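Q: Before I ask anything, let me first share the structure, which is written out below as structure tokens.
The values are calculated or read from the model by the stated rules, or taken from the named source; none is laboratory data. The structure presented is a predicted model; accordingly, all values stated were derived computationally and were not measured. Cβ: placed from backbone, ideal geometry, glycine included. Neighbour counts: every protein chain shown. Surface accessibility is based on the protein's heavy atoms, side chains included, excluding ligands, DNA and RNA. Shrake-Rupley method; radii C 1.70, N 1.55, O 1.52, S 1.80 Å.
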Amino acid sequence: MARPAPGGRLRAIQIAGGVVLLFLCAAPYLLGTYFRVFVTEMLIWGLFAMAFDIIYGYTGMLSFGQSTFFGAGAYAVGLTLVHAGSGVWLALGAALLVSLVLAAVIGYFAVKVSGHYFVIITVVFSLVFFRLTLQYKAVTGGDDGLSFQIPALNVGPLALSFYNPVVNYYFVFAVVLLSFLVCFLVMQSPWGRIFVSIRENEHRARLIGYNVERYKLLAFMLSGLFAGVAGALYALTFRYSNAALLHWTVSGQGVLWAIVGGAGTLVGPFLGTGLMVSFTDYIGFWFENYQILVGAVIILMVIVAPRGILGVLMGEGGKGGTSGGR
Amino acid sequence: MDKDLESTSRRDFLKVSGAAAIATAGWISPRAAKGATSAPIIIGHQCDLTGGISSWGYWHDKAAKAAVEEINKAGGIAGREVKLVTEDDETNPTVGARKFRRLIQFHSADFVIGSVHSGVNIASTPVAKELRTVYIPQGMAAEMTEDKGNRYVFRVGSDTYSQAAAGAPWVSANIGKKWTFIFADYAWGWSHFNEHKKVIEQVGGQVLADIPVPQGSKDFIPYLAKVPAETTELYSIFFGADSVAYFTQSKQLGFDKRMARYTMLCTHESISPKDIQGASEGIYLLEYLPRQLKYKDTPHNRKLRSLVHIDPVDGREEGGNRVVASSHYWAVWESVWLIKAGIEKSGWKSKKDTPDWIRAVEGMELKESFAHPQGDKVVRAQDHKAVIDFWMSRVENGEINVKFKIPKEEVAKKFPPRVDLTKETF
């Protein structure tokens, strides 16, 4: 398990976290139009990376299939709005349901294997759903994607428009914050402890009487659910969905962001997403083959700071593996 | 004082807050206020510099830079300097839509010239309306200036609708009436199929089969095996590496002997017939500006070719191996000049005048000139599509030779507007 961070460092991180939270609360009034959308997008991708980290950082299963749930959430919103002519709340409900059911079905098969086999099965499921999305072009728009209009969001007597970037930002921020709090409570609960015990020693967890497959499935479903929520927020923000969102390379991005930020934590994936998305957005303008630089940064991170940036900040840079539930 | 807080060293705090500062660097930087009439006019270019169509994107980038340089050398537009900002969309719709937004909201682009990837265009057109910015995409899918388009979207080049109207009647009458389509499985490929099918059925032809092929397929044999034996005309539409794979494998399987092969120049874009060892020999293709200078040897076309440094026969870049995207790069060049013409006609000064620019360009007639070397054309008011000349060509002895020109008046007969965007409010 991770060495506890010295009190001073921990407190410094807590203060910095508080500053960031305050900044996020006021962001729409501090930022220009582009960065308002940019931070909104980072929150969405951060939620996606955090969802991945439930399955990887906490439970020890490396999945490249979380993009399936992200894409499912995005398409559930788009298709419900286009074909059912529903409101935003129903579209969000559909996204939650679809991603949860899909995660239960895929997870049922995937958690029966572990190690490399688990990685492969998640990639295969991801490719199957990606191909299906391409195939049923008349419904999904395939490679070209699906553009749609978002109706006003009814909250009591208020009808809020997603076309107002401030409304869009606060809605995304609220959902991400709520998702973070739910995940935090789950990870502090006995379920979270059991996830970590499976990651640390699956055999021992089994010997002391836990139904390991059931808890793995639970972690997989939780991860899929929040990846689906991120996908739904993406669709509401950009009014667009595309088959490419289901491709396993999207999962790969979540993996990288979580590892760079600090796997096995809920904050690390947000930190990694923020840094990497800012880095690529800035560097991409100056250097078209920026992915070479991204690759170099990741190699460097894995060698120098295997616990990610959060690990470095907490003085655990040299320790290998994931850092336990925080 | 809290003991933990007391023990928080300044170094610890700076380390943590430093990470946050790096992540947010530049976000809150003050920006120069725009809108003053002396400020540069900013043209954004959403360009496919990397990814599947990067071999075309290279020339689009070059054409846009050359146009802006020429305009600035001549005093800019309405006395204002023109600034070009280019963002790479990675030939990816999701990235493309984000870069489109970035061009407008971060770089403050007044106008945006778009990608040649129809998927990127379709993802970006709703954002153009949302951000009230003129968008001139280079992709060919007809929908962008029809049911998936809006009043902010304009064309200077061709689209699948005009291409079908230009080429399909002659091919059906003179080469074969039993068509099979093999095409890239995304908006552009489907748009080619749907538009051609309509024209072929109008002129008494028959579509035997449609065979969509996923992008990036290396092995075409399973798809070519589905081509019905009675096909007289095999229509293909691909780009880049997929084109080379199609030409090579259809030739290896003897399709060039059993039926005529027909395509748009797009499938041969940035590829010299000489570089694929005769795999495309004998194929008919529709050009939107001949690759060989001798078929459009005008002072304006010669000048444009000299600015991008290409040879007169293969369109190969001087001192290199790249082959010009001959049927597309000119449209990027002309898009920059269209922006200029619209500003000068409407008196546009800032983004708030964009509706005036749109009204000025709707129905604008563009005369063949240095600004419009491809030829005379009209930007139709109703659907914002350009009515242009085409050329029917054939690959012979490793060169793309024009057989005859199809004048825009002929094209227009089978290319009436299907929407009226002028009714849309701003």
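Q: When you scan the range B:134-148, how many residues do you find that are over 18 Å from the mean Cα position of the chain (by Cα) and either closer than 19 Å to B:Asp48 by Cβ or open to solvent by less than 10 Å² (accessible area, probe 1.4 Å) (or both)?
A: Of the residues in the range B:134-148, 0 are over 18 Å from the mean Cα position of the chain (by Cα) and either closer than 19 Å to B:Asp48 by Cβ or open to solvent by less than 10 Å² (accessible area, probe 1.4 Å) (or both).
Q: Hey, among the residues in the range B:202-221 that are closer than 28 Å to B:Pro137 by Cβ and at pLDDT below 95, which one's most open to solvent (accessible area, probe 1.4 Å)?
A: The extreme case among them is B:Gln202.
Q: Just one of (1) more than 13 Å from every other protein chain (Cβ to nearest Cβ); (2) modelled with pLDDT of 95 or more trips up B:Ala39, so point out which.
A: The single condition B:Ala39 does not satisfy is (2).
Q: Could you count how many residues in the range A:116-146 are surrounded by 18 or more Cβ atoms within 10 Å (Cβ to Cβ), within 11 Å of chain B (Cβ to nearest Cβ) and of a type in the set (S, T, N, Q)?
A: 0
Q: What number of residues in the range A:108-122 are touching a residue at least 12 places away in the same chain (Cβ under 8 Å) and assigned to a loop (DSSP other than H, G, I, E, B)?
A: Residues meeting the conditions: 3.
Q: Still on this structure: Mind checking which residues of the range B:85-117 are touching a residue at least 60 places away in the same chain (Cβ under 8 Å) and either open to solvent by less than 30 Å² (accessible area, probe 1.4 Å) or part of a strand (DSSP E or B) (or both)?
A: Across the range B:85-117, the qualifying residues are B:Ile104, B:His107, B:Ala109, B:Asp110, B:Phe111, B:Val112, B:Ile113, B:Gly114, B:Ser115, B:Val116, B:His117.
Q: Out of the range B:69-84, which residues are within 14 Å of another protein chain (Cβ to nearest Cβ) and open to solvent by less than 30 Å² (accessible area, probe 1.4 Å)?
A: Scanning the range B:69-84 gives no hits.
Q: Given the criteria of a type in the set (Gly, Ala, Ser) and either under 19 Å from B:Lys413 (Cβ atoms) or crowded, with 24+ Cβ neighbours inside 10 Å (or both), does B:Gly176 qualify?
A: Against the criterion (of a type in the set (Gly, Ala, Ser) and either under 19 Å from B:Lys413 (Cβ atoms) or crowded, with 24+ Cβ neighbours inside 10 Å (or both)), B:Gly176 does not qualify.
Q: Here's another thing I want to ask about it. From the list A:Tyr34, A:Tyr108, A:Tyr58, which one is closer than 23 Å to A:Val167 by Cα and either at pLDDT below 95 or not acidic (Asp, Glu) (or both)?
A: Only one candidate qualifies: A:Tyr34.
Q: Being under 19 Å from the mean Cα position of the chain (by Cα) and open to solvent by 10 Å² or more (accessible area, probe 1.4 Å) is the filter here; which residues of the range A:88-115 pass it?
A: Of everything in the range A:88-115, those that are under 19 Å from the mean Cα position of the chain (by Cα) and open to solvent by 10 Å² or more (accessible area, probe 1.4 Å) turn out to be A:Leu92, A:Gly93, A:Ala94, A:Leu96, A:Leu97, A:Val98, A:Leu100, A:Val101, A:Leu102, A:Ala104.
Q: If a residue counts only when it is open to solvent by 10 Å² or more (accessible area, probe 1.4 Å), within 14 Å of chain B (Cβ to nearest Cβ) and of a type in the set (A, V, I, L, M, F, W, C), which helices (runs of 4 or more DSSP H) contained entirely in the range A:1-87 have at least 3 such residues?
A: Of the helices (runs of 4 or more DSSP H) lying wholly inside the range A:1-87, those with at least 3 residues that are open to solvent by 10 Å² or more (accessible area, probe 1.4 Å), within 14 Å of chain B (Cβ to nearest Cβ) and of a type in the set (A, V, I, L, M, F, W, C) span A:7-30, A:33-53.
Q: Test A:Tyr234 against the criterion of being within 11 Å of chain B (Cβ to nearest Cβ), under 30 Å from A:Gly93 (Cα atoms) and modelled with pLDDT of 90 or more, and give yes or no.
A: Answer is yes for this residue.
Q: Taking the range A:207-233 on its own, how many of its residues are of a type outside the set (A, V, I, L, M) and open to solvent by less than 10 Å² (accessible area, probe 1.4 Å)?
A: Of the residues in the range A:207-233, 6 are of a type outside the set (A, V, I, L, M) and open to solvent by less than 10 Å² (accessible area, probe 1.4 Å).
Q: Name the residue that is nearest to the other protein chains (Cβ to nearest Cβ), counting only residues in the range A:285-295 that are buried (at least 16 other Cβ atoms within 10 Å of the Cβ) and within 17 Å of A:Gly252 (Cβ to Cβ).
A: Top of the filtered list is A:Tyr290.
Q: Please enumerate the residues belonging to the range A:153-165 that are more than 14 Å from every other protein chain (Cβ to nearest Cβ) and touching a residue at least 60 places away in the same chain (Cβ under 8 Å).
A: A:Leu153, A:Asn154
Q: Same structure again: Filter the range B:364-408 down to residues that are charged (D, E, K, R) and in a strand (DSSP E or B) and give me whichever is least open to solvent (accessible area, probe 1.4 Å).
A: B:Lys377
Q: Another question, if that's okay. Can you name the number of the only condition in (1) part of a loop (DSSP other than H, G, I, E, B); (2) of a type in the set (Asp, Glu); (3) open to solvent by 30 Å² or more (accessible area, probe 1.4 Å) that B:Glu344 fails?
A: In the conditions (1) part of a loop (DSSP other than H, G, I, E, B); (2) of a type in the set (Asp, Glu); (3) open to solvent by 30 Å² or more (accessible area, probe 1.4 Å), B:Glu344 misses (1) alone.
Q: For the range B:179-238, which residues satisfy the criterion of being part of a loop (DSSP other than H, G, I, E, B), acidic (Asp, Glu) and either under 20 Å from A:Tyr136 (Cβ atoms) or in contact with a helix residue (DSSP H, G or I) (Cβ under 7 Å, 6 or more places away or on another chain) (or both)?
A: B:Asp185
Q: Let me ask you something else. Would you check if there is a residue in the range B:407-424 being within 20 Å of B:Trp357 (Cβ to Cβ) and free of Cβ contacts under 8 Å to residues at least 40 places away in the same chain?
A: Yes, because at least one residue in the range B:407-424 is within 20 Å of B:Trp357 (Cβ to Cβ) and free of Cβ contacts under 8 Å to residues at least 40 places away in the same chain.
Q: Also, quick follow-up: Give me the residue from the range B:42-68 that is modelled with pLDDT under 95 and among the polar types (S, T, N, Q) and, out of that set, surrounded by the fewest Cβ atoms within 10 Å (Cβ to Cβ).
A: The extreme case among them is B:Ser55.
Q: Might you let me know whether the range A:147-158 holds any residue that is assigned to a helix (DSSP H, G or I) and open to solvent by 20 Å² or more (accessible area, probe 1.4 Å)?
A: No.
Q: Select, from A:Val260, A:Val172, the only residue that is surrounded by 24 or more Cβ atoms within 10 Å (Cβ to Cβ), in a helix (DSSP H, G or I) and more than 12 Å from the chain's Cα centre (by Cα).
A: Going through A:Val260, A:Val172 in turn, just one is surrounded by 24 or more Cβ atoms within 10 Å (Cβ to Cβ), in a helix (DSSP H, G or I) and more than 12 Å from the chain's Cα centre (by Cα): A:Val260.
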